[in-house]
Amino acid sequence: MTETTQRPAGTTATSSAGIAVAVRDLHVHYGEFEAVRGIDLDVRRGEVFALLGTNGAGKTTTLEVLEGFGRRSGGTVSVLGLDPATDRAALRQRMGVQLQEGGFVEELTVQETLELWQRLVDRPDRPQRLMERFELDGRRGVPVGKLSGGEKRRLDLALAVWGSPELVVLDEPTTGLDPGSRRRTWDAIQELQEAGRTVVLTTHYLEEAEALADRVAIMHAGRVAVAGTLAEIVATQPARFSATLPPGREQLPTLTGTVEYDDDQVRVRTEDLQGDLTTFLGWAAARGVRLSGLRAAPASLTDVYHSVRDGDHASDDHRDDHRDLEVP
Ligand SMILES: Nc1ncnc2c1ncn2[C@@H]1O[C@H](COP(=O)(O)OP(=O)(O)OP(=O)(O)O)[C@@H](O)[C@H]1O
Ligand SMILES: [Mg+2]
């Protein structure tokens, strides 16, 4: 394990005991096609880690390797100190999994599925509590194949969190859920974290990652393009400020950022928000220029996501310790 040596400033080195999942140089092939092209990930114990990325980026493929369902073609993977390729039976007792597509027997009722699960999983839980929690209590007699999409998702989640396992891996837990169910799913994830569990999830909802995740990684085309805390990854993109000037445009002072005009509105993207904003406001004050609608903001997760999708982030040789997150 090499990840202790090159942490970014402000984060502490983490011993392997504090790591729930460590992935190094993971490659996965489907025949000739390489779906995962050498990724590194570290998930610390007790954190919520969100794996984001474009369709087909390799998120599900990566999770399947962590779960012991998928075969890797190269690299090393440690999950709770075990290798999922060889220790899947031992891991299953310590890890809860929600697949992107549920793997239920469609003919079994919800009740029968619960009974089956009770026999399969060592961790005790109270099915009644779970059914109430995920609002499935009235659906117990219904065959799983007849549940609505959102109900199936909630049953999946109930089984994944059954007995509060050390590690819970959720592949798009809230896709297709109505807003209330999504909120309750967030609550369940936060409760897991409060109980000291580790959660790895994928999502296409960036606000979900912002609300839940301690750290995120964004994948694109089989690689991790950026990874880190939200603050770290938004710092990889320029901040913005904008203001509307009075009619009759005056020459702006020289700024380090890029300046765009939309009629009388001026928009600046800059890596030195404080410096450029100070220059801009000083210029306006000195000339008595009255600004309206002044706004300043750091980059958002959405900005970072789109920059990854547009290929602005060079991901080759990327390491999860974020040391090479230069703005292009
Ligand atoms: N069994 C398979 N055989 C061939 N190609 C596959 C197989 N499973 C996945 N792939 C391909 O591997 C790539 C990664 O797929 P994966 O399901 O991991 O993406 P993902 O990031 O989870 O995408 P999404 O956000 O759409 O769920 C895709 O291009 C997909 O078509
Ligand atoms: Mg997927």
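The values are calculated or read from the model by the stated rules, or taken from the named source; none is laboratory data. As the structure is a prediction and not an experimental result, all values here were calculated from the model. Cβ atoms come from the backbone with ideal geometry, glycine included; neighbour counts cover every protein chain shown. Side chains included, ligands, DNA and RNA excluded: accessible areas come from the protein's heavy atoms. Shrake-Rupley method; radii C 1.70, N 1.55, O 1.52, S 1.80 Å.
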All positions within region 92-102 that are out of contact with any helix residue (DSSP H, G or I) (no Cβ under 6 Å at 6 or more places or on another chain) and either closer than 17 Å to Gln118 by Cα or without any contact (Cβ under 8 Å) to a residue 24 or more places away in the chain (or both)
Arg92, Gln93, Arg94, Met95, Glu101
Is it fair to say Leu177 is modelled with pLDDT under 95, of a type in the set (A, V, I, L, M, F, W, C) and open to solvent by 30 Å² or more (accessible area, probe 1.4 Å)?
no
Picked from region 183-232 (must be within 15 Å of ligand 1 (Cβ to nearest atom) and charged (D, E, K, R)), the residue most open to solvent (accessible area, probe 1.4 Å) is Arg223
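Quick grid of which residues meet (1) assigned by TED's automatic domain parsing to the domain that holds Lys59; (2) of a type in the set (S, T, N, Q):
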position	(1), (2)
Glu172	yes, no
Thr175	yes, yes
Thr185	no, yes
Arg197	yes, no
Val200	yes, no
Verdict on Gly38 being touching a residue at least 12 places away in the same chain (Cβ under 8 Å) and either buried (at least 16 other Cβ atoms within 10 Å of the Cβ) or assigned to a loop (DSSP other than H, G, I, E, B) (or both)
yes
Expected single match for within 30 Å of Val142 (Cα to Cα), within 13 Å of ligand 2 (Cβ to nearest atom) and surrounded by fewer than 16 Cβ atoms within 10 Å (Cβ to Cβ) among Glu106, Glu101 is Glu101
Within region 248-255, does at least one residue satisfy the condition of being β-branched (Val, Ile, Thr), in contact (Cβ under 8 Å) with a residue 12 or more places away in the chain and loosely packed, with under 15 Cβ neighbours inside 10 Å?
yes
Residue pairs, Cβ under 9 Å, 6 or more apart or interchain, first in region 46-62 and farther than 16 Å from Leu26 by Cβ and assigned to a loop (DSSP other than H, G, I, E, B), second acidic (Asp, Glu) and more than 9 Å from ligand 2 (Cβ to nearest atom). List them.
Gly46/Asp214; Glu47/Asp214
Is one or more of the residues making up region 111-128 open to solvent by less than 70 Å² (accessible area, probe 1.4 Å) and in contact (Cβ under 8 Å) with a residue 60 or more places away in the chain?
no
Here the residues within region 256-280 that are open to solvent by 60 Å² or more (accessible area, probe 1.4 Å), outside any strand (DSSP E or B) and within 14 Å of Gly293 (Cβ to Cβ) are Asp263
Residues in region 178-193: is at least one within 16 Å of ligand 2 (Cβ to nearest atom) and farther than 19 Å from Ser300 by Cβ?
no
When Thr54 is evaluated against the numbered criteria (1) touching a Lys or Arg at 6+ places or on another chain (Cβ under 6 Å); (2) more than 16 Å from Val224 (Cβ to Cβ); (3) surrounded by fewer than 22 Cβ atoms within 10 Å (Cβ to Cβ), which criterion, by number, is the only one it fails?
(2)
